[in-house]
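Data block below; observations after.
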Amino acid sequence: MSRRPVIAGNWKMHNLQQEAMDLTNGIMQELRSEDKAALPEVVIAPTFTALYAANKALTDCGCGKVKLAAQNCYFETKGAFTGECSVEMLKDAGCEYIIIGHSERREYFGETDEMVNKKAKAILANGLIPIICCGESLEQREAGVTDYHIASQITKALRELSAEDVTKSIIAYEPIWAIGTGKTCDSIEANRVIAMIRNVVKGLYDANTSDAIRILYGGSVKPSTIKEQMAQSDIDGALVGGASLTADSFAQIVKGAM
Ligand code: PEP
């Protein structure tokens, strides 16, 4: 089964509107001579206030090579939820993907597996694609509970989703100790964990679903690491933080995944 690679840039809490526009234009400039059909699915995830600017740059360009994501959403449709954004609002802002369950949201904002599951359902019900993050802490890795923890996160995130919905979804395996630390997880080990996740999906659904779902690696991905990561059997792309903040390094990662 051939799965189309995905390279997604998580800008986190960076970039004012003009900076977001410049970075978006810079990425498209770097990718201008690449054949769209040969590119991976390229996704950028600006913060809420920069979605409009990034979307404007994408639509003005019109090349369709880069898609828009949000970094978070709320699962309710509307109402008295001060400070939150619904999936419909993010779709209206041009988003086609939404990152959920990022370890920073889990750690600093109390996002639970149950919330991740509700968000995944709301995203899929609106025709968008969830990028569902999972990953173990250093303590969990050292205690030997990595696989157990991740299998539990994935099982809870996918609860009551149909096989069709899971096929459309994207999972990002991001060991927390590798995020923003410069310490990339060894590619063979990242591939082993990702194959384990695929096996969990197979157990919950079937082989067609587990063969189809895209599973990314995230954690200090750089231009120098992407080729080896993409050479692994089960790694379908990358969720990139720091290295997605400059057009040159992000474009190099995109090209390294071709
Ligand atoms: C992330 O924030 O999802 C991430 C992987 O960050 P970094 O690439 O900076 O480790």
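Specify which of the listed residues (G180, G203) is in contact with a helix residue (DSSP H, G or I) (Cβ under 8 Å, 6 or more places away or on another chain), of a type outside the set (F, W, Y), within 27 Å of G144 (Cα to Cα) and surrounded by fewer than 18 Cβ atoms within 10 Å (Cβ to Cβ).
G180
Please enumerate the residues belonging to the range 81-94 that are not in a loop (DSSP other than H, G, I, E, B) and not small (G, A, S). Residues satisfying the conditions are V87, E88, M89, L90, K91, D92. Number of residues in the range 204-241 that are within 17 Å of I129 (Cβ to Cβ), aliphatic (A, V, I, L, M) and over 11 Å from the mean Cα position of the chain (by Cα): the value is 2.
Residues of the range 221-258 that are surrounded by fewer than 21 Cβ atoms within 10 Å (Cβ to Cβ), part of a loop (DSSP other than H, G, I, E, B) and within 9 Å of the ligand (Cβ to nearest atom): K222, L245. Strands (runs of 3 or more DSSP E) fully within the range 95-212 that include at least 2 residues being touching a Ser or Thr at 6+ places or on another chain (Cβ under 7 Å), within 23 Å of K12 (Cβ to Cβ) and within 13 Å of the ligand (Cβ to nearest atom): 129-134.
Throughout, read-outs are computed from the coordinates displayed, never taken from laboratory work. Predicted model, so just to flag it, every value in this text is computed and none were measured. Using ideal geometry, Cβ is built from the backbone for each residue, glycine included, and neighbour counts are taken over all protein chains shown.
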